[in-house]
1. In the set Leu110, Leu94, Leu105, Leu35, which member is of a type in the set (A, V, I, L, M), more than 23 Å from Lys162 (Cβ to Cβ) and surrounded by fewer than 18 Cβ atoms within 10 Å (Cβ to Cβ)?
2. Look through segment 75-95, keep the residues that are closer than 13 Å to Leu184 by Cβ and assigned to a helix (DSSP H, G or I), and return whichever of them is nearest to the chain's Cα centre (by Cα).
3. Hey, among Arg112, Arg62, which residue is assigned to a loop (DSSP other than H, G, I, E, B) and within 20 Å of Ala142 (Cα to Cα)?
4. Got a sec? Which of Asp163, Asp119 is over 16 Å from the mean Cα position of the chain (by Cα) and in contact (Cβ under 8 Å) with a residue 40 or more places away in the chain?
Amino acid sequence: MVPFTTARGAMAWPRPLLEILAGAGLGACSLVVLLREPGVHRGLLAFAYLVLLFLMAVHDIRSLQVPNRIVYPALTFGVAASLTLGRSDASEALLGGAVAFVVLLVVALLGRGAMGFGDVKVGCFCGIVVGLSGVLPMLFLAFLGGALVAGPLLALRIRKPKDVIAFAPFLAAASAFSISYFHLYLLT
């Protein structure tokens, strides 16, 4: 099965393939988190963050948007959950969210439609997930992943320069990789 284009010009995946890929990714990241033995509280938070990230990514792939009814509760949960980890970890998480928000807001404003404000809000949640020390690597990986996918699509003329590509999946994958690979506040 290969991706196909919808009437809005969005890349869409056949339903079973997307669910299988999302489930496999969530399972793999969850396994890595459990192997790091973060403790019950931090492990449950990491799993909840991963579920929310994959939910946002799948929704963005399907519709090219992540609705506020998903993003705002996720942001509220992220802020509240970070406050349960102690003062220094809460500061780490909230500063990570703020930095991601500002960086992506600047990209959205200067890019003139290259990035939607939904991606800015999803990026803020991702910043909370990875914290201040993980936000720059997460953003770098997200933009690198987006470029590695968009570049060949443009070069092969499968996509046009004005076509929209969902960015939340790249943010989610970069965040999941970051909390699985790097030693960040959440799993210390």
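1. Values: Leu110 fails: more than 23 Å from Lys162 (Cβ to Cβ); Leu94 fails: surrounded by fewer than 18 Cβ atoms within 10 Å (Cβ to Cβ); Leu105 fails: more than 23 Å from Lys162 (Cβ to Cβ).
One residue alone meets the criteria, Leu35.
2. Ala93
3. Working: Arg62 fails: assigned to a loop (DSSP other than H, G, I, E, B).
Result of the check over Arg112, Arg62: Arg112.
4. Values: Asp119 fails: over 16 Å from the mean Cα position of the chain (by Cα).
The unique qualifying residue is Asp163.
Each reported figure results from applying straightforward, stated rules to the coordinates on display, with no laboratory input. Only a predicted model underlies this, so the values are computations on that prediction, with no experimental measurement involved. A quick note on method: Cβ atoms are made from the backbone with ideal geometry, for glycine too, and the neighbour counts reach across all protein chains shown.
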